[in-house]
Each structure stands twice: as structure tokens, then as C-alpha cells.
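Down below is the structure, laid out as C-alpha cells.
The values are calculated or read from the model by the stated rules, or taken from the named source; none is laboratory data. Values in this document were obtained by computation on a predicted structure and should not be read as measured data. Here the Cβ positions follow ideal geometry from the backbone for every residue, glycine too, while neighbour counts run over all protein chains shown. Areas reflect the complete protein model, heavy atoms only, side chains present, ligands, DNA and RNA absent. Shrake-Rupley method; radii C 1.70, N 1.55, O 1.52, S 1.80 Å.
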Amino acid sequence: MIARLDTATANPVITLAAPYLSFLEALKSAGFEGEIAPDYANRTVLATDNSIYQRLPQAAVYPKHAEDLERLTRLAAQTSHRGIV
């Protein structure tokens, strides 16, 4: 028998910090066409680099094309988003 996952009580999502939420919203508004993945599953997969260290990122972005990379870097260079790593 497979145990049922009760999604009403199982909430592994850690709330994202306000500066990162602001950055992701600005990225959407700038016309980013790729995928923005702030979900826990994507973040967990990217949290390790085959070492013993693990650091959970705030989100993952998957640019669709070169223009998305330009949007991403242009936005990250703005003074208001300097704290985003």
C-alpha cells in the first residue's frame, strides 16, 4: 500500500525573502519568457553540488533565449536589486 500525501498539512515550501519576491515580480514584468521556479522541488534539486554542502536557493530561473539572459542581467544590475545573489 502506498501512503497518501495529505497536501493540506504537508507544506515544505519555505517563504521566499521579500527582496527575491520583488526581483521575480520585476523579472516577470520585464517580459521574461523563460520559466521562473520558486517551488521547493526545483530549489532542493539545485541546493547541492555533489559535495557535502547544501544551500537552498531562493528560486531558479530557466531563460528561454538570449533576450531572457539580457533581461535577467539588466535587472540584476539595477541598484534596487543589488542584494540578489
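Before moving on, here are some points about what is shown:
- Among the residues of the stretch 44-84, the one identified as aromatic (Phe, Trp, Tyr) and modelled with pLDDT of 90 or more is TYR62.
- Pick from the stretch 23-58, criterion farther than 18 Å from ALA77 by Cβ and aliphatic (A, V, I, L, M), ranking: most open to solvent (accessible area, probe 1.4 Å): ILE52
- Across the stretch 45-85, the number of residues qualifying as under 15 Å from the mean Cα position of the chain (by Cα), part of a strand (DSSP E or B) and either over 22 Å from GLY31 (Cα atoms) or of a type in the set (Lys, Arg) (or both) comes to 1.
- Selection of first residues in the stretch 58-76 that are without any contact (Cβ under 8 Å) to a residue 40 or more places away in the chain and of second residues that are surrounded by 14 or more Cβ atoms within 10 Å (Cβ to Cβ) and polar (S, T, N, Q), restricted to Cβ pairs under 8 Å at least 6 apart or on distinct chains, gives the following pairs, ordered by first then second residue: ALA60/ASN42.
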